[in-house]
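What follows is calculated from the coordinates using simple rules that are stated; it is not laboratory data. Not measured: the values here are computed from a predicted model. Here Cβ is always computed from backbone atoms with ideal geometry, including for glycine, and neighbour counts include all displayed protein chains.
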Amino acid sequence: MSETRPLRKIQSFVRRSGRLSKAQSIGLNELWPIYGVNLTNKAISLDELFNKPQNVTLEVGFGNGDSLLEMALQQPQNNFLGIEVYEAGIGRLINEANKKRLSNLKIIKGDAVEILENNIEDNSISCLQLFFPDPWHKKKHHKRRIIQTSFLDILKNKLKNGGIVHIATDWENYAEHIMETMEKHPDFKNTAGDHIYSPRPKHRPLTKFENRGQNLGHGVWDIIFTNSKGG
């Protein structure tokens, strides 16, 4: 069995639905043509997608979008593409981005694994961000974690050579799993050195959720690897 086949059967997220606020509904519907990306059966040209061709940071599962919004504001020299299935979070982020008149942010609604496989061009992403993904903490659910060798096999082709993978988690067991899985992959290298977690870079905003966890004594582990294919 190939490495990529099992991943297509894994849903590493739970689709959450609920009543949208007026602002979320406006973002999801009225403002979608400005910030949303409608998928076709062709790969997206990122240079054509944004107003200005720049390095693209792709964030998978941005939640309510606070950190992605802040990064897009603070880094106008980069473009940001977010993927999420949570409609309230998508609507909220788009509405806030519109208030700030951001032109370097676009949103895709859907399954990140399928989108990476089918809609993202090879050698087009400068950075992949995955902040606080679902840890699937029960052992029987570990196979649903998004960071698996088969996912990395897809990701390595989408990243530019030397591209960055930045993951943050507040589950130590998941951090250990991520570290082990990435260090075993021949096309990724730990920027901090073997088995070493990275300090939180200044460009990754500290979220309310993370602040609350730190006040309760919870740890957060940042893991930063570079794509070294052919290197």
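Table for the structure above
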read-out	value
The chain: relative contact order as a whole-number percent, Cα under 8 Å and 6+ apart	21 percent
Amide H within-cut-off set for PHE132, under 5 Å, with H built and near neighbours excluded	ALA168, THR169
Which of ASP122, ASP111 has the fewest Cβ neighbours within 10 Å, and the rest in rising order	ASP122, ASP111
Vicinal HN-Hα couplings computed from phi for the range 188-201 (Karplus, 6.51 cos²θ - 1.76 cosθ + 1.60; Hz; Gly/Pro x)	10, 9, 5, 6, 8, x, 4, 6, 10, 7, 8, x, 5, x
Label-to-label distance, nm, for residues given as ASN215 and ILE34 (7 Å Cα→Cβ offset)	3.3 nm
Coarse-grained scattering of the range 15-82 at q = 0.12, 0.16, 0.22, 0.29 Å⁻¹, given as base-10 log I(q)/I(0) from a Debye sum over alpha-carbon atoms	-0.39, -0.69, -1.21, -1.41
Per-residue ³J(HN,Hα) for the range 177-186, Karplus 6.51 cos²θ - 1.76 cosθ + 1.60, θ = phi - 60°, Hz, x for Gly and Pro	5, 4, 4, 5, 5, 6, 5, 7, 7, x
Helix-only mean residue ellipticity at 222 nm for the chain, each DSSP H run of n ≥ 4 adding -39500 (n - 2.57), per residue, nearest 500	-9000 deg cm²/dmol
Nitroxide proxy distance, nm - points 7 Å out along Cα→Cβ at GLU121 and GLU70	3.2 nm
Inter-site label distance for HIS142 and GLN77 at 7 Å from Cα along Cβ, in nm	4.2 nm
Kirkwood-based Rg to Rh ratio, the range 35-227, C-alpha trace	0.94
Gaussian network model of the chain, springs between alpha carbon atoms under 10 Å - residue of THR149, THR207, THR57 with greatest fluctuation	THR207
